[in-house]
1. Right, Phe403: at pLDDT below 95 and either closer than 21 Å to Glu211 by Cβ or open to solvent by less than 10 Å² (accessible area, probe 1.4 Å) (or both) or not?
2. Across the range 468-481, what is the total count of residues that are open to solvent by less than 20 Å² (accessible area, probe 1.4 Å) and touching a residue at least 24 places away in the same chain (Cβ under 8 Å)?
3. Please find, within the range 363-391, the residue that is most open to solvent (accessible area, probe 1.4 Å) out of those that are closer than 19 Å to Leu62 by Cβ and over 16 Å from the mean Cα position of the chain (by Cα).
4. Among the residues in the range 466-476, are any in a helix (DSSP H, G or I), at pLDDT 95 or above and either of a type in the set (Phe, Trp, Tyr) or farther than 21 Å from His48 by Cα (or both)?
5. Cβ-Cβ under 6 Å, sequence separation 6+ or interchain: first residue in the range 86-105 and polar (S, T, N, Q), partner part of a strand (DSSP E or B). Which pairs?
6. Mind listing whichever residues of the range 284-307 are in contact with a helix residue (DSSP H, G or I) (Cβ under 8 Å, 6 or more places away or on another chain) and either among the β-branched types (Val, Ile, Thr) or outside any strand (DSSP E or B) (or both)?
7. Restricted to the range 345-372, and to residues that are in a helix (DSSP H, G or I) and of a type in the set (D, E, K, R), which residue is modelled with the highest pLDDT?
8. Tell me, yes or no, whether the range 280-299 has at least one residue that is closer than 22 Å to Ala388 by Cα and open to solvent by less than 40 Å² (accessible area, probe 1.4 Å).
Amino acid sequence: MAKNIAEQIVEMLKNANVKRIYAVTGDSLNHLNIAVKKSSIEWIHVRHEEVGAYAAAAEAELDGFAVCAGSCGPGHVHLINGVYEAHRSHVPMLVIASTIPSEEMGMDYFQETNTIKLFDDCSHYNQMITRPEQVQRTVQTAIQHAISKKGVAVIGLPGDVSELNAEEATTSNKIFKTNPVIRPSDDELKQLADLINESKKVTIYCGIGAEHSNAEVVELSKYLKAPVGYSFRGKMAIQPNNPNEVGLTGLLGLPSAYHAMHEADLLLLLGTDFPYEKFMPVKNTIVQIDESPERLGRRAKLELGLAGDVKETIKALLPLLKEKTDINFLNQQLEFYEKVKENQLIYVKDRGTENAIQPEFVAHTLDQLAKNNAIFTVDTGMCCVWGARYITGTGDRKMLGSFNHGSMANAMPMAIGASLAHPDRQVIAMCGDGGLSMLLGDMATIFQYKLPVKLIVFNNRALGMVKLEMEVGGMPDNETDMINPDFAMIAQAMGYTGKNVHHPDDVESSIKECLEHNGPYLLNIFTNPNALALPPKIEFDQVLGMTKSMAQLMLGGKMEEALDTVKTNYKHIKDLL
């Protein structure tokens, strides 16, 4: 019996080593669904397509490629947020957007959306299949774009086309995962070496583009006596086994990395497209090395911008360098970093009170009890801060989040994808109560597939980061408070263990119980809503804004809340200033 187009596509996906498709099935997707049922690929029935896209993005970041799908109309629109996440994070993902019958296109038909227009801003490749002769070339080209350009490829697939008989093409149906060696030219390397050799104080700052270069970065830093800072996405790879690391900078960072970057004569930006211009120095010499040359110079004023893989560039550069002997600059930065870490531990020792447990204490305890190869997913907002500052890189751990797109509600869906792709590893989702509420329904997906995901809810009963943004802007926070359901009871209603933690004394034993539990578990921890997360560099206007907002709270009759905020955060502000 001849195979249809849906079966042909599934066969190609199987040959591309696809293990699962995340989707909500329906009408135009049904032929693809049945083709998947006949294959070894698993159809993961999420409750919301956005969750499917996030889950696929997590799998793609961990394993190099993943697939999600959505049926016509609302199914496409629901995918968009997670698709943007994957594309902005530069992870290879294929989206199959099944559409209305082809003869109805352009007729304002029920659930009609224009997939080309809809996905154009969040894809490298975005085409519609309308004839059997296109299928093999289009699918192969789409996957090739996704893995080679590191982003999203979209295939529009009308439901009626998916059931047509397949036709073989004469072009290739194989996927080519190339691994070229990319580094600057010899002349460019000499220019870089001259700059480094002439500079007394060098700081290295690494992003996710240096993920596979830990050993080379450490060797370079030892040779140059250079402190090493890193971005949030770069932390898990660059922090481990690195005696010269000084932490991360940016909105979630620490004063030590900020200080090391600004005190250097020469700053080397390796594999980072660091977005926060205000944290970037302006007086020292800056060199940027990135695989994508179009990113060079858009965040900082560069002396030199070079295209290259970080690992290969460092290997080619080292023979051209003169080893530095002056260790004063490095020692100064490391000493400052030790003081910063001591201050961080002071916050950890403050465990909080009933229903106001300090989130720093929770995150630190979680870090101590989690396995060395755990996969963490973090919700955008305060959970990102606690993850950035208190979850330690071991070399085997991973941390996934919406670091570029900055979307709420990503932690739980990403944990679904991570757990399906790596069932042998501990997967921990650090969820905000706002984020978890937004896509709450897919807690049922965790139970349906018996995923041993651990949901740690930092329940501060507020949109904490937004509240802080309003306060430092001089505004009293408004409509950031949340009246939450009992998340532990919701977990129990969905079929798995849920537990509330109200007292600091119960945190360690509860986290231990959660992590050791065989199966999914939700731990709902009532954290301090006034815990503050300030960046490593505080502007006077921010302090003034916080003062104004506290005064307005007092005038508005919220004296107790204002005083609690001031008491909780006075030491944080004092230390950072």
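The values are calculated or read from the model by the stated rules, or taken from the named source; none is laboratory data. Predicted, not measured: the structure shown is a model, and the values here were computed from it. Here the Cβ positions follow ideal geometry from the backbone for every residue, glycine too, while neighbour counts run over all protein chains shown. To get the accessible areas, we keep the full protein, side chains included, count just its heavy atoms, and leave off ligands, DNA and RNA. Shrake-Rupley method; radii C 1.70, N 1.55, O 1.52, S 1.80 Å.
1. On the way: at pLDDT below 95: yes; either closer than 21 Å to Glu211 by Cβ or open to solvent by less than 10 Å² (accessible area, probe 1.4 Å) (or both): yes.
Yes.
2. Keep residues of the range 468-481 that are open to solvent by less than 20 Å² (accessible area, probe 1.4 Å), which gives 468, 471, 474, 477, 480.
Subset that is touching a residue at least 24 places away in the same chain (Cβ under 8 Å): 468, 471, 474, 477.
Result for the range 468-481: 4.
3. Lys371
4. Taking the range 466-476 and keeping what is in a helix (DSSP H, G or I), we get 466-472.
Now restrict to residues that are at pLDDT 95 or above: none.
No.
5. Ser98/Leu157; Thr99/Gly156; Thr99/Pro158; Ser102/Pro158
6. Asn284, Thr285, Val287, Ile289, Glu291, Arg299, Ala300, Glu303
7. First pass over the range 345-372, keeping only residues in a helix (DSSP H, G or I): 345-349, 359-369.
Those left that are additionally of a type in the set (D, E, K, R): 349, 360, 367.
Values: Lys349: 88, Glu360: 94, Asp367: 98.
Looking at the filtered set, the residue picked out is Asp367.
8. Pass one, the range 280-299, residues closer than 22 Å to Ala388 by Cα: 280-281, 299.
Going one step further and asking which of them are open to solvent by less than 40 Å² (accessible area, probe 1.4 Å), we end up with 280-281.
Checking the range 280-299: at least one residue is closer than 22 Å to Ala388 by Cα and open to solvent by less than 40 Å² (accessible area, probe 1.4 Å).
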